[in-house]
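Visitor: First the structure, then my questions, so here it is.
Read-outs: derived from the displayed coordinates by stated rules, not from any lab. Keep in mind that what you see is a predicted model, and the values were worked out from it rather than measured. In this analysis, Cβ positions are derived from the backbone assuming ideal geometry, glycine residues included, and neighbour counts consider all displayed protein chains.
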Amino acid sequence: MVSVAICREFRERLSFSGMSDCLFCRIIAGQIPAAMVHQDDTLVAFKDINPQAPLHLLIVPKKHIASLNELSPEDDALIGTMMRRAAALAKVHGYRDRGYRTVFNTNSEAGQTVFHIHLHLLAGRGLGWPPG
Ligand code: AMP
Ligand code: ZN
């Protein structure tokens, strides 16, 4: 089956590049289940396992990038695509006009725990400012 072959090739590429221990790479490879809400050629979006708001999604590129600090100019379009996907998902879930928050956490003081870049999309309650 084509999908099995692609999955195997992807797994081999992951272990070659040392990313097989990355949680989000493993979710993208289908090795760990997640509540997917969107998938396309460049990114996936799934429900956060520990939601901090009624809607809490993670928009995750298929390309492994550890954090914002590792972005290069060639990733500019990818980040734009992630932001537009967040807006589209907020709209689909009914929060376009009520409002929502999009967050990239970077390194320890911001609380980054998974070092594969991801955009949090939070909505469905009043979100305090300044953030905690
Ligand atoms: P951060 O702290 O910004 O790195 O965000 C990582 C997020 O990933 C946290 O909000 C976690 O709750 C979430 N998370 C961790 N493991 C999983 C998982 N297996 N499926 C979905 N979300 C997860
Ligand atoms: Zn990764």
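Visitor: Can you tell me the orientation of helix 2-16 relative to the chain, as the angle in degrees between its alpha-carbon axis and the longest Cα principal axis, to the nearest 10?
Guide: Its long axis makes an angle of about 90 degrees.
Visitor: Which one, HIS93, SER72, LEU43, is farthest towards the positive end of the dipole of the stretch 35-123 when Lys and Arg carry +1 and Asp and Glu -1 on their Cβ?
Guide: Projecting each Cα onto the dipole axis, the largest value belongs to HIS93.
Visitor: Considering the zone a paramagnetic label at LEU23 would reach in this model (a point 7 Å from Cα along the Cα-to-Cβ line), which residues of the stretch 116-131 have amide N under 11 Å from it?
Guide: Counting backbone N atoms under 11 Å from the label point, the list is 116.
Visitor: Hey, what do the phi angles of the stretch 97-114 turn into as Karplus ³J(HN,Hα) couplings, whole Hz, using 6.51/-1.76/1.60 and θ = phi - 60°, x for Gly and Pro?
Guide: Each residue's phi maps through the Karplus curve to give 8, 5, x, 7, 10, 10, 9, 10, 8, 10, 6, 5, 5, 8, x, 5, 10, 10 Hz.
Visitor: Which aspartates and glutamates have a Cα less than 14 Å from the Cα of LYS63, not counting those fewer than 8 places away in the same chain?
Guide: Candidates past the 8-residue exclusion: ASP40, ASP41, GLU74, ASP75, ASP76.
Visitor: Summing +1 for each Lys or Arg and -1 for each Asp or Glu, what net charge is found among the other residues whose Cβ lies under 11 Å from the Cβ of LEU57?
Guide: +1
Visitor: Follow-up question, since we're still on this one. Take the alpha carbon atoms of the chain, find their radius of gyration, then divide it by 2.2 N^0.38 Å using N residues; give the quotient. Display every interim value, and only then the final one.
Guide: Numbers: Rg = 15.3 Å, N = 132, 2.2 N^0.38 = 14.1 Å.
Compared with the compact-globule rule of thumb, the chain sits at 1.08.
Visitor: Starting from the Cα of GLN39, step 7 Å along the direction of its Cβ; do the same at VAL92; then give the gap between the two resulting points in nm.
Guide: 1.3 nm
Visitor: What number, rounded to the nearest 500 deg cm²/dmol, is the helix-based mean residue ellipticity at 222 nm of the chain, given -39500 (n - 2.57) per DSSP H run of at least four residues and division by all its residues?
Guide: -9000 deg cm²/dmol
Visitor: Can you run phi through the Karplus equation (6.51, -1.76, 1.60; θ = phi - 60°) for the stretch 60-76 and list ³J(HN,Hα) in whole Hz, with x for Gly and Pro?
Guide: For the stretch 60-76, the Karplus-derived couplings read 10, x, 5, 6, 7, 10, 5, 7, 4, 5, 9, 5, 10, x, 5, 8, 4 Hz, x marking Gly and Pro.
Visitor: Next question. Using Cα positions and a limit of under 21 Å, work out the lysines in reach of LYS91, with same-chain residues fewer than 8 apart set aside.
Guide: LYS47
Visitor: While we're here: Would you mind counting up the charge near ARG98? Only other residues with Cβ under 15 Å from its Cβ, with Lys and Arg at +1 and Asp and Glu at -1.
Guide: +3
Visitor: Suppose every K and R has +1 on its Cβ and every D and E has -1 on its Cβ; what is the size of the dipole of the chain about the Cα centre, in Debye to the nearest 20?
Guide: Working: 14 positive and 12 negative charges, 105 e Å.
Approximately 500 debye in magnitude.
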